[in-house]
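To start, the structure itself, in structure tokens.
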């Protein structure tokens with residue numbers, strides 16, 4: 001490999017991975033409130049901070065009062081599996097899978113819950129046919145495919161008069177898109193995506209139809225304690241008031257509060273969405289100017305604005321690994337290799353906590369890594 005001169009300007013904050021943790025601008029550890037640290041989450045202060053975090057999520061998301069919000073264990077995966085284990089089995093199930101996490105929900109449904117779902121699949125970069133869904137079923141889908149860079153176009157494809165429930169894994173979608181909450185019965189996410197927060201905890205959002213399912217249906221399989229949303233025959237309302245099922249990290253909670261307060265300061269949901277859109281457009285310009293780069297998701301109408309996946313001409317897994325290592329060693333970008341189950345390529349995080357100027361600064365570094373490896 002020929003040694004080439006790297007660009008002179010590095011991104012100011014080189015967090016370009018699709019996972020943890022592109023912190024909001026201005027974040028420093030010293031700015032995190034320490035009032036609740038070292039205190040019990042069941043103390044008056046601990047409960048108040050957890051409730052405040054829930055209230056901020058409702059405010060920034062514009063979530064209606066009809067929907068409950070709970071902080072639960074296990075990141076987005078834990079939240080989604082909690083919903084699956086407690087509510088599936090009452091009627092038929094349809095699973096949509098066009099990337100690795102959607103496939104994970106298929107595996108859970110078939111191999112763990114022993115159900116027989118209808119499965120609609122599509123290759124990485126594509127969506128399945130959304131017009132073929134049986135809305136008598138409970139429908140499981142990923143709003144924004146973090147590992148494929150493909151999202152659903154909107155919520156218009158979801159039938160208003162559906163019989164089943166909609167389960168949306170929305171971990172890299174909430175705070176970036178308009179979610180039609182009247183068509184979403186269950187949604188899950190985690191703080192480490194668009195908010196740039198810490199992992200470990202998930203967020204479970206339940207609409208009234210999901211609550212009705214919980215109150216009127218008991219699954220045939222045993223439920224671990226961390227999945228139990230019912231207590232003495234009634235919904236465990238405390239979960240949705242900050243009385244978490246297990247012990248949360250108050251440091252992670254305070255970090256999420258910081259991000260949510262920052263989101264409120266920049267204009268709330270509209271401000272977050274504008275930053276995501278600007279970042280995605282900046283990356284689009286980079287891709288358009290390079291014949292060796294292309295989008296894994298060719299349709300801009302269903303292309304992610306947060307987790308953007310790219311093809312690199314002629315690249316195999318070894319090439320991508322070397323490409324990502326060059327940029328990491330230079331301190332220009334971290335963890336930008338595509339997901340292990342996806343086609344070899346790059347994955348650039350364009351979420352709201354990333355500054356557009358840093359996306360723009362990435363372009364010459366991609367050129368440098370490409371030229372260094374090809375030479």
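The values are calculated or read from the model by the stated rules, or taken from the named source; none is laboratory data. Not measured: the values here are computed from a predicted model. Positions of Cβ are generated from backbone atoms using ideal geometry, with glycine treated the same way; all protein chains shown enter the neighbour counts.
In table form, for the structure just shown:
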| read-out | value |
| --- | --- |
| Flag for residue 13 being touching a helix residue (DSSP H, G or I) at 6+ places or on another chain (Cβ under 9 Å), part of a loop (DSSP other than H, G, I, E, B), surrounded by 15 or more Cβ atoms within 10 Å (Cβ to Cβ) and modelled with pLDDT under 90 | yes |
| Residue match in the range 270-282 (condition: in contact (Cβ under 8 Å) with a residue 40 or more places away in the chain, more than 30 Å from residue 30 (Cα to Cα) and in contact with a strand residue (DSSP E or B) (Cβ under 8 Å, 6 or more places away or on another chain)) | yes |
| The one condition in (1) surrounded by 19 or more Cβ atoms within 10 Å (Cβ to Cβ); (2) in contact with a helix residue (DSSP H, G or I) (Cβ under 7 Å, 6 or more places away or on another chain) that residue 51 fails to fulfil | (1) |
| Residue count, the range 165-183 (criterion: out of contact with any helix residue (DSSP H, G or I) (no Cβ under 9 Å at 6 or more places or on another chain) and more than 27 Å from residue 340 (Cα to Cα)) | 3 |
| Sole exception among (1) crowded, with 19+ Cβ neighbours inside 10 Å; (2) under 30 Å from residue 241 (Cβ atoms) for residue 42, by number | (1) |
| Matching residues, the range 279-298, being over 23 Å from residue 127 (Cβ atoms) and surrounded by fewer than 18 Cβ atoms within 10 Å (Cβ to Cβ) | 285, 289, 290, 291, 292 |
| The range 183-204 - residue that is farther than 22 Å from residue 246 by Cβ and under 11 Å from the mean Cα position of the chain (by Cα) and, of those, surrounded by the most Cβ atoms within 10 Å (Cβ to Cβ) | 194 |
| Residue 56 being out of contact with any strand residue (DSSP E or B) (no Cβ under 9 Å at 6 or more places or on another chain), surrounded by fewer than 16 Cβ atoms within 10 Å (Cβ to Cβ) and either under 16 Å from residue 189 (Cβ atoms) or at pLDDT below 95 (or both) | no |
| Residue within the range 22-31 that is outside any helix (DSSP H, G or I), loosely packed, with under 13 Cβ neighbours inside 10 Å, at pLDDT 85 or above and in contact with a helix residue (DSSP H, G or I) (Cβ under 9 Å, 6 or more places away or on another chain) present | yes |
| Test for residue 88: is it in contact with a helix residue (DSSP H, G or I) (Cβ under 9 Å, 6 or more places away or on another chain) and crowded, with 17+ Cβ neighbours inside 10 Å | yes |
| Positions within the range 126-142 being farther than 20 Å from residue 208 by Cα and assigned to a loop (DSSP other than H, G, I, E, B), in sequence order | 126, 127, 128, 129, 133, 134 |
| Checking residue 7 against (1) surrounded by 15 or more Cβ atoms within 10 Å (Cβ to Cβ); (2) modelled with pLDDT under 85, the condition it does not meet | (2) |
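Table: residues versus (1) part of a helix (DSSP H, G or I); (2) touching a strand residue (DSSP E or B) at 6+ places or on another chain (Cβ under 9 Å); (3) crowded, with 24+ Cβ neighbours inside 10 Å.
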{"site": "315", "(1), (2), (3)": "no, yes, no"}
{"site": "335", "(1), (2), (3)": "no, yes, no"}
{"site": "341", "(1), (2), (3)": "no, no, no"}
{"site": "344", "(1), (2), (3)": "no, yes, no"}
{"site": "352", "(1), (2), (3)": "no, no, yes"}
